[in-house]
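Chemist: Sharing a structure, written as structure tokens. Questions coming.
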Amino acid sequence: MDHWKSVLIISDEIANEQIGEIRIGITESLAKKIIPKIIEWLEVYRPKMIAEFDMGNTKRMYELVQSNKVDMAFCGEDVESAYHLEFKKFAEERILFVVYADHALLNKDTLTLTDILEYPLVMGDKTCISNRKFMKVLEKNKLLHRLKKQYVCSNPMLIPDILPANYVGILTKSNMTEKTGDIEILEYEDSELEMIYGIITKKREHDYLEKTTKKLIELLKYEF
């Protein structure tokens, strides 16, 4: 009888997503901001659950979910990699153009992409979703031919620290570090350069962590 009582208790805990392991993927740019919030929430509402975090860029997050190496991932929306995956939005963020405080572009009243392309660029590599989105916008506006010298960085969070003088850095707001020195953000907004963040999971008939996923989305909506 004691054995079956313990089985029932465990079954109830599993059904209510109170025990087990949760494997979470998260992009490096979001990690510092939301991992502490996730841990704090798990401590209160899932105290018996073990959490494992894996980090990388958006492309890697999609690969981890697709191969069942994580249960869910927090990252940008990548339509090209969305096969068999479900994306649930929780925030929006724009792509920024950053320069040193004495850069000539800061003196322009109205800034265009053509103005920005007059200068060499530093951006994330081809696996970086901000790079891919920026290139698509240039292609759509027939501006690819105006690209001058460009450098790519596998970790966009380093761009404010390594940006050469007279260059323009391209990164998202969450990639901006707290200590940016003399780096300034250019006043340029374009709805086509907005990033969408969300949670990706595998499409299944039954998702064991469905309740937890919904709660985490609600939690993180208020962090952006």
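Chemist: Within segment 102-155, how many residues turn out to be assigned to a loop (DSSP other than H, G, I, E, B), modelled with pLDDT of 90 or more, closer than 22 Å to Asp182 by Cβ and not charged (D, E, K, R)?
Modeler: Final tally of qualifying residues: 4.
Chemist: Then there is this: How many residues, within segment 63-85, are part of a helix (DSSP H, G or I) and either open to solvent by 10 Å² or more (accessible area, probe 1.4 Å) or without any contact (Cβ under 8 Å) to a residue 40 or more places away in the chain (or both)? Before you say what the answer is, go through the steps one by one.
Modeler: As a first pass, look at segment 63-85 and keep what is part of a helix (DSSP H, G or I): 63-66, 79-81.
In the following step, the residues that additionally are either open to solvent by 10 Å² or more (accessible area, probe 1.4 Å) or without any contact (Cβ under 8 Å) to a residue 40 or more places away in the chain (or both) were identified as 63-64, 66, 79-81.
Total satisfying the criteria: 6.
Chemist: For Arg146, which of the numbered conditions (1) open to solvent by 30 Å² or more (accessible area, probe 1.4 Å); (2) within 22 Å of Ile26 (Cβ to Cβ) fails to hold?
Modeler: (2)
Chemist: Test Ile95 against the criterion of being touching a residue at least 60 places away in the same chain (Cβ under 8 Å), open to solvent by less than 80 Å² (accessible area, probe 1.4 Å), in contact with a Ser or Thr (Cβ under 7 Å, 6 or more places away or on another chain) and among the hydrophobic types (A, V, I, L, M, F, W, C), and give yes or no. Reasoning before the result, please.
Modeler: Details: touching a residue at least 60 places away in the same chain (Cβ under 8 Å): yes; open to solvent by less than 80 Å² (accessible area, probe 1.4 Å): yes; in contact with a Ser or Thr (Cβ under 7 Å, 6 or more places away or on another chain): yes; among the hydrophobic types (A, V, I, L, M, F, W, C): yes.
Spelling it out, Ile95 is indeed touching a residue at least 60 places away in the same chain (Cβ under 8 Å), open to solvent by less than 80 Å² (accessible area, probe 1.4 Å), in contact with a Ser or Thr (Cβ under 7 Å, 6 or more places away or on another chain) and among the hydrophobic types (A, V, I, L, M, F, W, C).
Chemist: If you go through segment 22-38 one residue at a time, do you hit one that is modelled with pLDDT under 90, over 14 Å from the mean Cα position of the chain (by Cα) and of a type outside the set (Phe, Trp, Tyr)?
Modeler: Within segment 22-38, one or more residues are modelled with pLDDT under 90, over 14 Å from the mean Cα position of the chain (by Cα) and of a type outside the set (Phe, Trp, Tyr).
Chemist: Let me ask you something else. For residues in segment 158-204 being among the polar types (S, T, N, Q) and closer than 21 Å to Gly76 by Cβ, which is modelled with the lowest pLDDT? Give the steps one after another, and end with the answer.
Modeler: The first filter runs over segment 158-204 and keeps only residues among the polar types (S, T, N, Q), leaving 166, 172, 174-175, 177, 180, 191, 201.
Filter again for closer than 21 Å to Gly76 by Cβ, leaving 172, 174-175, 177, 191, 201.
Working: Thr172: 88, Ser174: 82, Asn175: 82, Thr177: 67, Ser191: 84, Thr201: 89.
The selected residue is Thr177.
Chemist: So, one more: Does Phe97 meet the test of being closer than 30 Å to Glu187 by Cα, at pLDDT 90 or above and not hydroxyl-bearing (Ser, Thr, Tyr)? Step through it out loud before you land on a result.
Modeler: Working: closer than 30 Å to Glu187 by Cα: yes; at pLDDT 90 or above: yes; not hydroxyl-bearing (Ser, Thr, Tyr): yes.
Yes: the conditions hold for Phe97.
Chemist: Taking the conditions exactly as written (part of a loop (DSSP other than H, G, I, E, B) and modelled with pLDDT under 90), does Lys88 satisfy them or not? Show your work before the answer.
Modeler: Details: part of a loop (DSSP other than H, G, I, E, B): no; modelled with pLDDT under 90: yes.
For Lys88, the condition - part of a loop (DSSP other than H, G, I, E, B) and modelled with pLDDT under 90 - is not met.
The values are calculated or read from the model by the stated rules, or taken from the named source; none is laboratory data. All values derive from a computational prediction rather than experimental measurement. Please note: Cβ atoms are built from the backbone with ideal geometry, for glycine as well, and neighbour counts cover all protein chains shown. Please note that ligands, DNA and RNA were not included when accessible areas were found on the heavy atoms of the full protein model with its side chains. Shrake-Rupley method; radii C 1.70, N 1.55, O 1.52, S 1.80 Å.
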